[in-house]
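Have a look at the structure below before the remarks.
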Amino acid sequence: MMLPCIYHGIRRAAVHTLRTSRGTPPCRFWSTGDGVPVALADAETIFALSSGHGRCGVAVIRASGPGSATALRCMAGLTRSLPPPRTALLRSIADPQTKEVLDRGLVFWFPGSVPGMRPAEAGEFTRRAFQAGKLGLTEVEGLGDLIHAETEAQRRQALRQMSGELGRLYQDWTHRLKRCLAHVEAFIDFSEDELIEDGVLNQVDRSVCDLQAEMERHLQDERRGERLRSGVQVVIAGATNAGKSSLLNTLCQRPAAIVSPIAGTTRDVVETALDIGGFPVLLSDTAGLRESADLVEREGVRRARERVEQADLTLVVVDCARLPSDTQQAVAFLQGHLRSVLPNEEQPEMVFPTERFLVVLNKGDLLHEEQRLKLDGELRRVSGLPPVCLISCHTNEGLQDFLSVLHSSVKTLCGDPLSGAPTLTQARHRAHLQQCFAALAQYQRYRDIDLALAAEGVRLALTSLGRITGRVGAEEILDIIFKDFCIGK
């Protein structure tokens, strides 16, 4: 039942309307059962506020299970019969004990219900939808991601997964693996009786090779989907007093970190979540990188280097006042400074991973305009350096250009959630797919040595893939064997 609620007090009053014989807590608002399958017919009746908590003009209460019909009749005054299935009916909603009218609202009856109600557990309605075959496991995870999405790009990715595109890809692989396993097992069991046509194992070999190639491409996505789901790890690093904390405060538009002229003010990692052009970013300010006798500061530097190693993108902040006036010397200075920030310092000639670093020249307002323009122009033309942005956290000069470059870098790291093949979004998916890929390698390894062990590799691959989709069964394998080969007619 969908119940428009005008007053918050009415919602509180509805708490007293649905109590079960077991003494479970009352529900606030409710809906009727939503077509629970026969396998779940003996389940308890559950209910929950499905329109979200807080003050609102409309509240939707959803109930599922045996007691839904009784609750509907009592509260909507339906003494004779229930409303037609899936038809809206405007009724006065009353307290079944006092007969006090609480509100007027729309009720919907979805047949499939019968005694005892309890509050739904977290995710229980979605779990029932999965068990009833209405949602696949990857679609359920997409729904969860959509609920928790905080940026536009996260919403788009969640919607795409919820639409079933990722699930259909895995189901296609599952179907092909089932055929492979069915054909191998049929060959093992019936080949001696000459009931299996020639070339069956060659077809399995080709299918396994194709699946391995497709899975390998799917796994080599640079974790874009997972990164978009959890947020891009962006770390601000550099020497002391370069303006790292000022940059953090400027980006998040609040005094998140303490700023002072005293070198080494920041000792620990300061984090804040941002939305950069629709992409989620977890921005971290770190301690200035320098040698120190202070034990606390040394620990801060250690944590800073650790964060740089883990970061998806590092903003290397440099004080413009420390740059040599000669442009070529300035480039050499920046190259040396970058090597001091990079996790692997023992490779002085290493190529800078430009997609993981962005140089931010801060305090540009302290340079003369002619010097600033010349430096900015020269650095843009220099090769061998990551992108360089000249800004001033004090005057916000150059900030828009920097945000544009930052957005481009973050977008590259996450990719476009609406284009190309669906990407992995969960570490769980990746782990099971890697196990699946390794199991297919077992088939290749034992194909000409022991066909039973080779078949076990395909079975393990199917099991690993089934842990992602949530569905795999032996009956389906048997169905394929008898359907494809008509064993025994």
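If you take the residues of the stretch 302-330 that are part of a helix (DSSP H, G or I) and small (Gly, Ala, Ser), which of them is farthest from residue 359 (Cα to Cα)? Residue satisfying both the conditions and the ranking: 304.
The single condition among (1) within 31 Å of the chain's Cα centre (by Cα); (2) open to solvent by 20 Å² or more (accessible area, probe 1.4 Å); (3) hydrophobic (A, V, I, L, M, F, W, C); (4) farther than 24 Å from residue 466 by Cα that residue 153 does not meet is (2). Regarding the stretch 379-395, can at least one residue be identified that is more than 30 Å from residue 320 (Cα to Cα), open to solvent by 20 Å² or more (accessible area, probe 1.4 Å) and at pLDDT below 90? No: zero hits.
Only residues that are charged (D, E, K, R), within 21 Å of residue 274 (Cα to Cα) and part of a helix (DSSP H, G or I) were counted across the stretch 376-429, and they come to 2. Name the single residue that is nearest to residue 124 (Cα to Cα) among those in the stretch 70-106 being open to solvent by 20 Å² or more (accessible area, probe 1.4 Å) and part of a helix (DSSP H, G or I). Of everything passing the filter in the stretch 70-106, 70 is nearest to residue 124 (Cα to Cα).
Among the residues here, residue 255 does not qualify as more than 30 Å from residue 447 (Cα to Cα) and either at pLDDT below 80 or among the acidic types (Asp, Glu) (or both). Elements of the type helices (runs of 4 or more DSSP H) sitting completely within the stretch 110-201 and holding at least 1 residues that are over 16 Å from residue 426 (Cβ atoms) and modelled with pLDDT under 85: these cover 124-131, 165-190.
Has the stretch 249-267 got at least one residue that is under 32 Å from the mean Cα position of the chain (by Cα) and either of a type in the set (Asp, Glu) or within 20 Å of residue 323 (Cα to Cα) (or both)? Checked the stretch 249-267: no residue is under 32 Å from the mean Cα position of the chain (by Cα) and either of a type in the set (Asp, Glu) or within 20 Å of residue 323 (Cα to Cα) (or both). Selection of the stretch 284-321 for residues being over 24 Å from the mean Cα position of the chain (by Cα), within 19 Å of residue 246 (Cα to Cα) and of a type in the set (A, V, I, L, M) yields 287, 289, 301, 304, 315, 316, 317, 318, 321.
Within the stretch 302-317, the set of residues being closer than 18 Å to residue 337 by Cβ and either open to solvent by less than 70 Å² (accessible area, probe 1.4 Å) or aliphatic (A, V, I, L, M) (or both) comprises 304, 307, 308, 311, 313, 314, 315, 316, 317. Would you point out the residue of the stretch 87-109, among those that are of a type in the set (A, V, I, L, M) and within 16 Å of residue 61 (Cα to Cα), that is modelled with the lowest pLDDT? If we take residues in the stretch 87-109 being of a type in the set (A, V, I, L, M) and within 16 Å of residue 61 (Cα to Cα), then 102 is modelled with the lowest pLDDT.
Report yes if some residue within the stretch 127-138 is over 23 Å from residue 282 (Cα atoms), open to solvent by less than 20 Å² (accessible area, probe 1.4 Å) and among the hydroxyl-bearing types (Ser, Thr, Tyr); otherwise report no. Yes, there is a match, as at least one residue in the stretch 127-138 is over 23 Å from residue 282 (Cα atoms), open to solvent by less than 20 Å² (accessible area, probe 1.4 Å) and among the hydroxyl-bearing types (Ser, Thr, Tyr).
Report yes if some residue within the stretch 382-395 is over 27 Å from residue 339 (Cα atoms) and over 27 Å from the mean Cα position of the chain (by Cα); otherwise report no. Within the stretch 382-395, one or more residues are over 27 Å from residue 339 (Cα atoms) and over 27 Å from the mean Cα position of the chain (by Cα).
Restricting the stretch 159-179 to residues that are within 16 Å of residue 419 (Cβ to Cβ) and among the hydrophobic types (A, V, I, L, M, F, W, C), the residue that is least open to solvent (accessible area, probe 1.4 Å) is 166.
Rundown of residues vs (1) loosely packed, with under 12 Cβ neighbours inside 10 Å; (2) at pLDDT below 80; (3) closer than 21 Å to residue 233 by Cα, yes/no style:
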{"position": "322", "(1), (2), (3)": "no, no, no"}
{"position": "326", "(1), (2), (3)": "yes, yes, no"}
{"position": "335", "(1), (2), (3)": "no, no, no"}
{"position": "347", "(1), (2), (3)": "yes, yes, no"}
{"position": "350", "(1), (2), (3)": "no, yes, no"}
{"position": "355", "(1), (2), (3)": "no, yes, yes"}
{"position": "361", "(1), (2), (3)": "no, no, yes"}
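Close Cβ contacts (under 6 Å, 6 or more residues apart or on different chains) running from residues in the stretch 428-446 that are under 17 Å from residue 201 (Cβ atoms) to residues that are part of a helix (DSSP H, G or I) and of a type in the set (A, V, I, L, M) comprise 440/208; 440/461; 443/208; 443/454; 443/458; 446/453; 446/454.
The values are calculated or read from the model by the stated rules, or taken from the named source; none is laboratory data. Worth saying up front: this structure is predicted, and the values here are computed from it rather than measured. In this analysis, Cβ positions are derived from the backbone assuming ideal geometry, glycine residues included, and neighbour counts consider all displayed protein chains. Protein only, heavy atoms only, side chains kept; ligands, DNA and RNA dropped before computing areas. Shrake-Rupley method; radii C 1.70, N 1.55, O 1.52, S 1.80 Å.
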